[in-house]
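The values are calculated or read from the model by the stated rules, or taken from the named source; none is laboratory data. Keep in mind that what you see is a predicted model, and the values were worked out from it rather than measured. Cβ coordinates were reconstructed from backbone atoms using ideal geometry, including for glycine residues, and neighbour counts include every protein chain displayed.
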Amino acid sequence: MKNIVPLLFLVISSQIWSQSTFITAIDFELNKEIDYKANLNEGKILDDLSWAWSSQNACFPKTQKHKFTGKHVLFTGIIPPYSETTITVTPKDKKANFSVYAYQINLNEDFVVPNLPHCITCEADHKWDYRKKGRKKQKHIRTIDNLTAINNSYRLVIGVVGADRLEEGEFIITVKTEEKFK
């Protein structure tokens, strides 16, 4: 029994370490726009992406899997109540193919992909397969908007990922939070 406790501690601490090494805490300040610089090489490959097309999450369809096979760099923070947040990812290299996803969970939950059994909402943006009717030509910038918190705060987890196994690339993630709904 004495040997089980240290082994259990080692297993738990290694899981926490492996998750925390690619998650960065960020701030969501009302009526402000905050930039964070990062690189895909700070992230890790997620071999299991089935959480994304699970009906409990519906983040992106399995047909778009290849757009999320590079290294994932995660950011997390708390969206304040009565606010709307927009996330914009701008790769330094305009030819680099990046994708982004964001999911909201309750404050008392700490789900980190690929362990995401459910979420409140999940949205994604990636390179289009073809030009969308009535929309301007897509650039290298990826944006998710309308991430809202009405009466309660929520935890938001943002994943910036390289498409087609991209593992290197500098980018800026911009978090813009505006007061709404009051």
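Remarks
- Selection within region 86-97: residues that are out of contact with any Lys or Arg (no Cβ under 6 Å at 6 or more places or on another chain) and part of a strand (DSSP E or B). The member of this set that is farthest from residue 139 (Cα to Cα) is 87.
- Here is the figure for region 25-44: residues that are part of a strand (DSSP E or B) and under 16 Å from residue 88 (Cβ atoms) total 7.
- Selection status of residue 85, modelled with pLDDT of 95 or more, of a type in the set (Val, Ile, Thr) and touching a Leu at 6+ places or on another chain (Cβ under 8 Å): yes
- Restricting attention to region 146-179 and to residues that are under 18 Å from residue 120 (Cβ atoms) and loosely packed, with under 14 Cβ neighbours inside 10 Å, the residue that is nearest to the chain's Cα centre (by Cα) turns out to be 146.
- Look at region 66-82: where a residue is closer than 21 Å to residue 120 by Cα and among the polar types (S, T, N, Q) and a partner is modelled with pLDDT of 95 or more and surrounded by 17 or more Cβ atoms within 10 Å (Cβ to Cβ), sitting 6+ places away or on another chain with Cβ atoms under 6 Å, you get 76/157.
- Qualifying residue in region 138-160 (condition: in contact with a helix residue (DSSP H, G or I) (Cβ under 9 Å, 6 or more places away or on another chain) and farther than 29 Å from residue 181 by Cα): no
- Here residue 123 meets each of (1) in a strand (DSSP E or B); (2) more than 25 Å from residue 81 (Cβ to Cβ); (3) among the charged types (D, E, K, R) with one exception, condition (2).
- Taking the conditions (1) surrounded by fewer than 15 Cβ atoms within 10 Å (Cβ to Cβ); (2) over 26 Å from residue 148 (Cα atoms); (3) modelled with pLDDT of 95 or more in turn, residue 34 satisfies each one other than (2).
- Restricted to region 149-168, and to residues there that are in a strand (DSSP E or B) and in contact with a His (Cβ under 7 Å, 6 or more places away or on another chain), the residue that is nearest to residue 93 (Cα to Cα) is 161.
- Here 67, 136 are screened, and the one residue that is under 14 Å from the mean Cα position of the chain (by Cα) and more than 26 Å from residue 28 (Cα to Cα) is 67.
- For region 93-103, the condition holds for at least one residue, the condition being that it is within 17 Å of residue 166 (Cβ to Cβ), under 12 Å from the mean Cα position of the chain (by Cα), crowded, with 18+ Cβ neighbours inside 10 Å and of a type in the set (S, T, N, Q).
- Subset of region 110-133 [of a type outside the set (Val, Ile, Thr), surrounded by fewer than 17 Cβ atoms within 10 Å (Cβ to Cβ) and modelled with pLDDT of 95 or more]: 114, 115, 117, 118
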